[in-house]
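So the structure is just underneath, and the comments pick up after that.
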4 protein chains.
Amino acid sequence: MTTFSKEVMHVGEMASGAKLTVPVYRLKADSDNKSMEKVPSVYIQANMHGAEVQGNAVIFQLLELLKNIKIKGDITLVPYANPVACNHKNGEYTLGRFDPITGMNWNRMYHFDQSIIKPFVQECIGKDDAVIETNFKTLMIDTIEQKLDHNIFGLTTGQRIAYQLQRLAHQADLVLDLHTGPISSKHLYCPEYAKESASYFDIPHTLLIPNEFDGALDEATFCPWWHLQEAFADLGIEFSIDSKALNKESFTVELGSQEQIDLDVALEDAKSILSYLQYKGVIDSTEFQPAKMQRYGCYLKDYKAFYSPMGGMVDYLAEFGKPLAAGEPLARILRMDNYNYAQSDGDPLHYISLDHEVIPILHFASASVNQGTELYKVFTKYFTL
Amino acid sequence: MTTFSKEVMHVGEMASGAKLTVPVYRLKADSDNKSMEKVPSVYIQANMHGAEVQGNAVIFQLLELLKNIKIKGDITLVPYANPVACNHKNGEYTLGRFDPITGMNWNRMYHFDQSIIKPFVQECIGKDDAVIETNFKTLMIDTIEQKLDHNIFGLTTGQRIAYQLQRLAHQADLVLDLHTGPISSKHLYCPEYAKESASYFDIPHTLLIPNEFDGALDEATFCPWWHLQEAFADLGIEFSIDSKALNKESFTVELGSQEQIDLDVALEDAKSILSYLQYKGVIDSTEFQPAKMQRYGCYLKDYKAFYSPMGGMVDYLAEFGKPLAAGEPLARILRMDNYNYAQSDGDPLHYISLDHEVIPILHFASASVNQGTELYKVFTKYFTL
Amino acid sequence: MTTFSKEVMHVGEMASGAKLTVPVYRLKADSDNKSMEKVPSVYIQANMHGAEVQGNAVIFQLLELLKNIKIKGDITLVPYANPVACNHKNGEYTLGRFDPITGMNWNRMYHFDQSIIKPFVQECIGKDDAVIETNFKTLMIDTIEQKLDHNIFGLTTGQRIAYQLQRLAHQADLVLDLHTGPISSKHLYCPEYAKESASYFDIPHTLLIPNEFDGALDEATFCPWWHLQEAFADLGIEFSIDSKALNKESFTVELGSQEQIDLDVALEDAKSILSYLQYKGVIDSTEFQPAKMQRYGCYLKDYKAFYSPMGGMVDYLAEFGKPLAAGEPLARILRMDNYNYAQSDGDPLHYISLDHEVIPILHFASASVNQGTELYKVFTKYFTL
Amino acid sequence: MTTFSKEVMHVGEMASGAKLTVPVYRLKADSDNKSMEKVPSVYIQANMHGAEVQGNAVIFQLLELLKNIKIKGDITLVPYANPVACNHKNGEYTLGRFDPITGMNWNRMYHFDQSIIKPFVQECIGKDDAVIETNFKTLMIDTIEQKLDHNIFGLTTGQRIAYQLQRLAHQADLVLDLHTGPISSKHLYCPEYAKESASYFDIPHTLLIPNEFDGALDEATFCPWWHLQEAFADLGIEFSIDSKALNKESFTVELGSQEQIDLDVALEDAKSILSYLQYKGVIDSTEFQPAKMQRYGCYLKDYKAFYSPMGGMVDYLAEFGKPLAAGEPLARILRMDNYNYAQSDGDPLHYISLDHEVIPILHFASASVNQGTELYKVFTKYFTL
């Protein structure tokens, strides 16, 4: 029988003393899982960025679906991961990508210090993979505990939240961080080594991420293992983190557009995640299979932001997810301050295009842009997966 | 021949000394309009609220269409009416409904002091309607000039902008203020006496506004005339502001949702405005006729905002513009902090409904709401027009 | 013996479900108060505007001082009255004068509908003052209860907070709402009829407020009684709200500048409030007496805001609280975009002055101003109290 | 004779098309400077962060003072360096440390790519210092030109501003970037090699900065030269950037607190800068000499931010600029939600102290803090300079 439990994690305190908490839901695997095979455990969180709320609905649908499914690995689910961000309104919208006091991106505050790898590897030579795994997990968790509890100068608001989430994530093998773009197609951030897994999600666009830590949760959970694998490899020792035995994977799942909850779409996304978990052996249900679709990949270095060459008001034209030929317009920008009645060439309209083919993935959330506002993000040099 | 001209109006100055200007486009009627009949002049502005940008695109399409049409009355078009608001970003969105320093709604800063009416009427007894019209227009413009130029304690940022726009608007007979809702259907604010005109716009929902000044541009331009008519009526004198001779009308045209520019939709909206201008004799083209559609009206007092009874994340369910039966859900609110796995009744979802039939017109721009956030605005006690 | 108790009032809920609460501290009068004389009860709140925090420190010092004083009337103290506002940061500062979603001033959301007065007076003819008082208090509280609990379209975030505070305030005779200015001297908003009481506070500047309800807490608590008195007076009946028997007074106490906590200054302010409460017989201690000082008064209509005639950066020059002669500079505005090296007259500096004597009371919180930003507020036509 | 000129640099465009410009004032050295000795040129900018406005007043006072002084080196002065930031209000304050759309710190967007150093050094072996200097300056300027003009994906809003300023700064030998803290004492960011120069400013606290580029203007202008010097040193070649011949120095001058203009204090600060310029031979006046004062230094790695261990309202206690003994309170935090009348120990007050001696340099701008808000920045392990 699956055991369900709920904890409430205290992640912050506001000026009035109001305590901000995060609910942590845990599903313990059915105890009769007697097979010899290791089943990976799973950590799923949503809403680290305040406006990216759809992941909460996906967690709701996951929980509803999992009621009727045999669960072989432990699953931890954390909606509303960042209540500071998710409650911060400026006007009608949620100012949720960064700490409103400091401007720090909430998803760049996780911790990984690469210098722990080498000494650890030295200690591990000759040990079993399972022992190494256990010890490394302990090391990562201890490092985070240390940061949380033993810092005389304190932690920033964002670190306190991120480290507590990271402490939970390190306990799992598979980590899914549910985000959204501004106005966006679905896409997946996937470590390069886990490319195969990407096709078990119903998400047509995959970004392949190198082994470089930039502060995000997916990186904070896969980079340590990947660096560990590389450090062993440098010594000629195989330690394969994508083996059945270790099975370490982390993804940032971009569910579409921000500022929206749609429970019907969330059900589809939950099924897509279950398809991945079925593939990984976490659940025992053949019901969830990936959809057949054209899938595109792109390396992170080729994922380009296009910044507006002018201030103005944008009519976004390019459709998401489909190759856009060189010269075809991404957008047209209206500049009514420059209207000239006499000319027939409609000069207040400026068409924006690129000189090579791209796949548009997302665009800015508002029609009003300054010179230099990020208009679109596009796959360049993409390939089929 | 139509004469086109452009002016640049200086409406504000920022801390760095940056001057904020508003472009004013004028189309002078064809000079060969020799008919005896008075042709009304028109004032159209857009983007007084910063995020409500679609009206700029409509002005673009109007200007493009008017190039090929014979114009009998003067038309003044003002896009980007409020550059302070339209340039004010907080996060990705435009914080544009109110002055970010004071919280004052930019569209509640126009001026009308009812006490000018009675003395004016006393002076006018026995005069011709045309003389009264001219004198009253002069009085209104002088009043605004006085406020702009002779105030030793100065003007607020919003007053300075609003009064300059109002000075232009008072020069016209017909005034259209182009706005949008947050996420919204098209609807029209129409003074009660001008109900007939509403059906010349391709807009299915009309709010009928009483003769009460609350600071908005439409009211600031129609209330003075309406009060004048009433003051004459109190003396038993007929002064009919919706006669062919006077023809005073003002509308706030709500074009749909904010934060969006769509030039194709703007073309449709421009044609809808030309249909109204054709009806009023301002242009000479039979091309533009109102679409046939089911039209609903509602008195302003019956236009109700529904405030969220709880904090949470909203899946907006009710379709805009169609009657929603009593008890049918407007929205469902997700509260993942309250998820209870054991119960099968899905208790983190709260359905919101009303106990009588309404027509939903618009809803809040974000899924994340506090307790007390305005969720929907609805027509109650609506009727067919 | 004084009884102390604490309640926690639930005033709001954020998107994550986070509950916002307000602590309510109550001191019950010593039970051996056997005198025949009625002792007024007191309600004191602080921090309705988010950045105006010093009142919380004053409540702390009041509670500390009251531990050693015999209390004859009940005292209710509410710090952090508006946790939504007090927790809302934009950048380093607290955006706390208005609801960040709607722009509504948090201190303009209290309720008073004057139409309840006349029917109530009709019912009361011939009754004792004490009965009238009890019944009117009940009517005001019931009206608020009604608004809180029986509104099918719900309440705004601000109304829900304001009405709950108002329900507490209506239970008291004397109401103090602790605020601050932006950068400000201490000043007091005082109903015209309570002028005598003003001199028991250690506050040199008093604004005298007419009987007009504009949504603030002081007005919401004194206007109903004042209107009641006037309605009785219209019938030739004396009902004296400033009598010893009724003793209804409400003040907005402006403690100085926002964004600051100073516990030493707070102790002085607490003593000043105790001086008033001693005068009113609420406490039994001769220790607290008003300081001797030059006191100035000004009618609300003569309290003027001066708006900046230009954008720029302001060096505020005029000292608070002292008469400033006509022509003397309030401020000088720097406009470095206009610097002209050749001229010796320092043309990037613009001096701002008025043509009549004023007392500057407060100025804007920042040196950077737009054209139309409120620079100073000043007493004009002031008089000694 | 000194030649004065003004240019207007176009740095950005808002959604309405409003152009944002920056004034650039240039003083050309007296042409009769016939001495053999090279005189360094100077670049001074202010207000890159929106709320840090005092530098504009210092530039005003510098220009006024320089009218009467013989100038031997060219001086470029740029007030209002970032009009996007300086015009961005949220509530009454200026949200100016970061791009309100992206959260990016405006002073972390300058450019330096260390990989240009090695190839350049290879080309320069055997060349004169003066030639190397000229060529390296050209390389740095060309690199920035390239980034400004030849980027098909465009530039961010902040890059466009920063690169244009950097292009100007690279043309000078001495660079001063005028900033302020939130509420702050005066302090100076100084590259480690330029320590001697620090004592020519009337600023008692100096931070010594290592050769690590983190995106700020001072680093973007001194790091390239310092890396160049080190690369030559690696080859055993002396190329001394702090020699009289090269004389490359950059400082971030922290003038005190933000949101304030004080022209009298600005005059003192201008004199302090002239004392430094006199020392460097840029001006010919013995009038300006550094004040005698106790001066403290601290390495950047020992400059510590202390983050609040709790939410609450802060009474900042520690005085700036003076050593604070271990255990002495930095601040006390009020938590009125926790008030307990019965206890005499004042439990809602939490005292914050450190276990070693520090010099407090600045504190947060507001009394209201979240758990994790930066309370103070302090020198640890400081030393006398």
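Structure notes:
- Among chain B residues, the beta-carbon with the smallest distance to the axis carrying B onto C is reported, with distance in whole Å, as B:G103, 2.
- Near-label residues of segment B:38-78 by backbone N, under 20 Å of a point 7 Å along Cα→Cβ of B:Q289: B:69-70
- Under-5 Å amide H pairs with B:F251, H placed in peptide plane, nonlocal only: B:V175, B:L176, B:D177
- Average accessible area per residue (Å²) across segment B:197-335 - probe 1.4 Å, nucleic acids and ligands excluded: 36 Å²
- For segment D:142-153, backbone phi angles converted through the Karplus equation (6.51, -1.76, 1.60; θ = phi - 60°) give residue-by-residue couplings of 4, 4, 5, 4, 4, 5, 6, 10, 10, 10, 5, 8 Hz, Gly and Pro being listed as x.
- Inter-part distance where segment B:277-356 and segment B:44-112 are each reduced to a Cα centre, Å: 25 Å
- Expressed as a whole percent, the accessible surface of segment A:118-158 that belongs to carbon and sulfur atoms is 51, based on a 1.4 Å probe.
- For the pair C:D234 and B:Q122, a Förster radius of 45 Å applied to the C-beta separation gives a FRET efficiency near 0.90, rounded to the nearest 0.05.
- Segment A:173-253: C-alpha gyration tensor shape, a/c 1.5 cut-off, then a/b vs b/c: prolate
- Here is how far apart the A:N135 label points are across copies: 5.3, 8.6, 10.1 nm, shortest first, using a point 7 Å from Cα toward Cβ.
- Antiparallel DSSP beta bridges within the protein assembly as shown, percent to nearest 5: 65 percent
- Helix-only [θ]222 nm of chain A, DSSP H runs n ≥ 4, -39500 (n - 2.57) each, per residue, nearest 500: -8000 deg cm²/dmol
- Surface accessible to a 1.4 Å probe, B:Y189 within the full protein complex, Å²: 50 Å²
- With a cut-off of 9 Å between beta carbons, the residues surrounding A:K248 carry a summed charge of -4, where Lys and Arg count +1 and Asp and Glu -1.
- Inter-copy separations for A:Q171, label at 7 Å along Cα-Cβ, nm, ascending: 4.3, 6.1, 7.1
- ³J(HN,Hα) computed for each position of segment B:49-66 - Karplus, 6.51 cos²θ - 1.76 cosθ + 1.60, integer Hz, glycine/proline x: 8, x, 8, 9, 9, 4, x, 5, 5, 5, 4, 4, 5, 4, 4, 4, 5, 5
- Long-range HN-HN contacts of B:G297 with modeled amide H, under 5 Å: B:T206, B:F383, B:T384, B:L385
- Local electrostatic count, C:K195, Cβ distance below 13 Å [Lys/Arg +1, Asp/Glu -1]: -3
- Simple spin-label estimate for B:N151 and A:R108 gives 4.3 nm between the two label positions (7 Å along the Cα-to-Cβ direction from each Cα).
- Accessible area of C:R160 in the full protein assembly, 1.4 Å probe (Å², nearest 10): 40 Å²
- Solvent accessible area, Å² - A:R108, 1.4 Å probe, full protein context: 100 Å²
- Choice from B:V84, B:V131, B:V58 showing the highest fluctuation, given a GNM over chain B with Cα pairs closer than 10 Å: B:V131
- The residues packed around B:P23, meaning those with a beta-carbon under 11 Å from its beta-carbon, carry a net charge of +1 if Lys and Arg are +1 and Asp and Glu are -1.
- The D and C chains share an interface that buries close to 4900 Å² of accessible area, total over both sides, probe 1.4 Å.
- Amide H contacts for D:G50 (H built 1.01 Å from N in the peptide plane; partners 5 or more residues away or on another chain; cut-off under 5 Å): D:G96, D:R97.
- Candidate residues C:D214, A:D242: accessible-area rank, largest first, probe 1.4 Å: C:D214, A:D242
- Solvent-accessible surface ranking, highest first, for C:F4, D:F364 at 1.4 angstrom: C:F4, D:F364
- Inter-copy label distances at A:Y299, shortest first and taken from points set 7 Å along Cα to Cβ: 3.8, 7.0, 7.9 nm.
- Evaluating 6.51 cos²θ - 1.76 cosθ + 1.60 at θ = phi - 60° for every residue in segment D:236-248, the Karplus couplings come out as x, 9, 8, 9, 9, 6, 9, 6, 4, 6, 9, 6, 9 Hz, glycine and proline recorded as x.
- Candidate residues A:V24, C:V265: accessible-area rank, largest first, probe 1.4 Å: C:V265, A:V24
- Per residue, the accessible area of segment D:112-172 comes to 47 Å², computed with a 1.4 Å probe over protein heavy atoms only.
The values are calculated or read from the model by the stated rules, or taken from the named source; none is laboratory data. These numbers were taken from a predicted model, which means no experiment stands behind them. Positions of Cβ are generated from backbone atoms using ideal geometry, with glycine treated the same way; all protein chains shown enter the neighbour counts. With ligands, DNA and RNA removed, areas are computed over all heavy atoms of the protein, side chains included. Shrake-Rupley method; radii C 1.70, N 1.55, O 1.52, S 1.80 Å.
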